[in-house]
Amino acid sequence: MMHGDSDIQTNGENDNAIASAACAIHHHFQIQSLPPNLNQFNSSVYSPRGPTTAHLLKHGEEESDHEKIEAPHLTGFWLKLFLKLLEAPLVGSLIISYLKKENKMVEILKNTVIPEAPMFKPEFPPQEPETGVVLLEEGGKPIERVELALKCLPDYDPANNWSSDTCASFCYWKIRDYAHAYRSKLTTPSIVAERFISAIDVFNNKMPPAPLLISCDPEHIRKQAAVSTQRFEEGKPLSILDGIFVAIKDDIDCYPHPSKGGTTFFHEIRPVEEDAVSVSRLRSCGVILVGKANMHELGLGTTGNNPNYGTARNPHDPKRYTGGSSSGPAAIVSSGLCSAALGTDGGGSIRIPSSLCGVVGLKSTYGRTDMTGSLCDSGTVEIIGAITSTVEDAILVYAAILGSSIDDTIALKPSLPCLPDLSSHDSSSTLESIRLGKYTEWFNDVFSTDISEKCEDVLNHLSETYGCKTVEIVIPELREMRTAHLVSIGSESLSGLNPEVEDGNAEKFTCDTRTNLALFRSFTASDYVSAQCLRRRIMYFHMEIFKNVDVIVTPTTGMTAPLIPSNALKSGETDLQVTGNLMRFIVTANLLGLPAISVPVGYDKQGLPIGLQLIGRPWCEATILHLAAAIEEQCASPKKKPLQFYDILKGCVGASQHDENLVSITLLHKSSFFFNHSKSVLTLC
């Protein structure tokens, strides 16, 4: 592991005060109240209580948050044996108690006095309005929001993407490219549907299995495509999203597909009767819903490993994980088969696979999108969000699905949603005022220097090109934050699963899911309350930081895509070292409900994608989207075509030779191909 320079320059009194308040936990087993100059915050939500005594950190002195996670890496027989011991009444309790003690969870949750009151779901103070934005009507129709979002985008020139030499350099087709092709009668949704179905057949025939979709009905896709094609023939497309292929993660309802959550049985106890709210909003815009995408079982993992159906592979290197838990959504977008996918993000499950697969992953503010109709609709850390190939596509999908539930509108009082006005000639000047917060020691805590150096290059480019100022910050109590998140998501997940687990279904889960559930069962009510006290405290720290910066920048993950152990495919694996590396920068946005986006910025020496994460102030999605768009346009390295890539718009296939042959045979057999509808042609790029 590499770490940053210990001589950190902080941003004045606030950073020193925040750091001083944090250090007490490490020295006295008691978290002290925040210092007086932090108590001036104008909200009872964030005013800490208790006596004010704090040890001040000297310049350059910092708490150490680089402790190694103490847990075994197990697959195959040893994982099964460990699980057997873990579920044994006496031995299991001893093992879990030992692991929790070694990772200081007992110290944090039971042996520490936390003076703050609990915060059971994110609560935000009023925020300064964003600049250079267009306001949306949250209660309006999705089609109207998408139309307004379209007007926020830069001018579209089809000549840039529709030149004769389409294989000279790689870039993903945007949603507007599909819309142009449909409206110009270069192709139709029905033709594209046949190409999609043929490519999915290839994935379904792989050995060992590596499905992108675990529920897919080709006839249902054809019917949707035929209706969309008819609308284009009549000159009446519903929106820019009409005819766009979108996959839905298997824990979000998409009628008539079952929602299994990556399990083998969950659909039997929870039938799907209608679309989730977010899916319904997309359907109203004319998208073609292709099915339910693969995922890590119940979302309780960061790799995407799924022994039940097969593990989705990283399109950039099929020997490696996609990341998870939204493994199928990220892989299907990265491979070119869908312009967008919906995922859920309770612990980086959108941003981690997006980073590892080289695509864009947007997590909105907690409560910004309605979670009704998802398996995780009652938690306090999860959201439904978009995975797309480009930032502008993320803007369009986000505009379609946003809108708080009635309960969240009342409880959270969200500000009006808005989008960055990228069509304005003054949009670049807006970037000049954005202050980027960087905690250097944390930023550099990565598995490979390729990651931190590439992300650092982007920050330098932002400064040189747009004048963005980088401000050094200190974020205290990172270990406490990770613990609070684990207890929160673990307790809430177990609570939602208890009826099914008690009904004797626990043994139907995979080994790593059962391992996680065994840990979650050890959390007590007092642990959960302590975690919520920490949430309030850590929220306060971040709101103070956001008085001096607009965005916190980190690498998205602490490592690039890990290799898949061969013996992990059949029975799964547990590797908390990998989990720690993948989640190092992730949990802030989940525990505190902040908006965040992962945008691809380049590749490591092995050619694996690297993502940069932008964490924004509450309800300030427009700021991080604007900054992400600038990074995508000016700062990121040229894109590499994934090893497994399928151009279903023009018919190019960029996969292994075996896959090319399969797709060629299938496509030539099934469809009238390419832009003239009378002759079958396959172009290999």
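If the condition is being among the aliphatic types (A, V, I, L, M) and crowded, with 18+ Cβ neighbours inside 10 Å, then the range 197-232 contributes I197, A199, I200, V202, A210, L212, L213, I214, I221, A225.
K260 - would you say it is among the basic types (K, R), under 21 Å from the mean Cα position of the chain (by Cα) and on the phi < 0 side of the Ramachandran plot?
yes
Considering the range 522-551, and only residues there that are among the charged types (D, E, K, R) and buried (at least 17 other Cβ atoms within 10 Å of the Cβ), the residue that is nearest to I95 (Cα to Cα) turns out to be D527.
Only one entry of G235, G243 meets the criterion of being assigned to a loop (DSSP other than H, G, I, E, B), crowded, with 17+ Cβ neighbours inside 10 Å and among the small types (G, A, S), and that entry is G243.
Only one entry in T470, T513 is in contact (Cβ under 8 Å) with a residue 12 or more places away in the chain and surrounded by fewer than 19 Cβ atoms within 10 Å (Cβ to Cβ), namely T470. The helices (runs of 4 or more DSSP H) found entirely in the range 448-558 that carry 3 or more residues being touching a Pro at 6+ places or on another chain (Cβ under 8 Å) are 449-466, 525-545. Candidates are the residues of the range 369-398 that are modelled with pLDDT of 95 or more and of a type in the set (S, T, N, Q); the one that is surrounded by the fewest Cβ atoms within 10 Å (Cβ to Cβ) is T372. When the residues of the range 183-196 are filtered to those that are within 30 Å of S637 (Cα to Cα) and not β-branched (V, I, T), the one that is surrounded by the fewest Cβ atoms within 10 Å (Cβ to Cβ) is F196. Scanning the range 101-120 for residues that are within 29 Å of the chain's Cα centre (by Cα) and of a type in the set (S, T, N, Q) returns a single hit, N103. Filtering the range 343-366 for residues that are surrounded by 24 or more Cβ atoms within 10 Å (Cβ to Cβ), modelled with pLDDT of 95 or more, over 20 Å from L582 (Cβ atoms) and not hydroxyl-bearing (S, T, Y) leaves an empty set. Residues in the range 321-373 that are more than 24 Å from G558 (Cα to Cα) and basic (K, R): R368 only.
The residues of the range 290-314 that are surrounded by 24 or more Cβ atoms within 10 Å (Cβ to Cβ), part of a loop (DSSP other than H, G, I, E, B) and in contact with a Gly (Cβ under 8 Å, 6 or more places away or on another chain), listed by number, are N294, M295, H296, G301, T302, T303, G304, N305, N306, T311, A312. Candidates are the residues of the range 552-563 that are under 16 Å from S325 (Cα atoms) and either among the charged types (D, E, K, R) or crowded, with 24+ Cβ neighbours inside 10 Å (or both); the one that is nearest to the chain's Cα centre (by Cα) is T556.
Please give the helices (runs of 4 or more DSSP H) falling wholly within the range 49-116 in which 2 or more residues are of a type in the set (D, E, K, R) and modelled with pLDDT of 85 or more.
Fully inside the range 49-116 and qualifying: 76-86, 89-102.
Scanning the range 73-121 for residues that are in contact with a Ser or Thr (Cβ under 7 Å, 6 or more places away or on another chain) and closer than 19 Å to M539 by Cβ gives I108, L109, I114, P115, F120, K121. Within the range 262-292, the residues that satisfy the criterion of being closer than 14 Å to L342 by Cβ and of a type in the set (G, A, S) are A276, S278, S280, G291.
Of the residues that sit in the range 473-510 and are among the hydrophobic types (A, V, I, L, M, F, W, C) and either closer than 24 Å to G572 by Cβ or surrounded by fewer than 21 Cβ atoms within 10 Å (Cβ to Cβ) (or both), which one is modelled with the lowest pLDDT?
That would be V501.
Within the range 413-431, if we keep just the residues that are farther than 17 Å from E128 by Cβ and at pLDDT below 95, the residue that is surrounded by the fewest Cβ atoms within 10 Å (Cβ to Cβ) turns out to be H425. Determine whether P154 is farther than 27 Å from S427 by Cα and either in contact with a Gly (Cβ under 7 Å, 6 or more places away or on another chain) or outside any strand (DSSP E or B) (or both). The answer is no for P154. Taken over the range 260-317, residues that are in contact with a Phe, Trp or Tyr (Cβ under 8 Å, 6 or more places away or on another chain) and free of Cβ contacts under 8 Å to residues at least 40 places away in the same chain amount to 2. Residues that are assigned to a loop (DSSP other than H, G, I, E, B), buried (at least 18 other Cβ atoms within 10 Å of the Cβ), among the polar types (S, T, N, Q) and at pLDDT below 95 are absent from the range 128-139 altogether.
The values are calculated or read from the model by the stated rules, or taken from the named source; none is laboratory data. Remember, it's a predicted structure, so these values are computed and weren't measured experimentally. Reconstructed Cβ throughout: ideal geometry from the backbone, glycine too, with neighbour counts over all protein chains shown.
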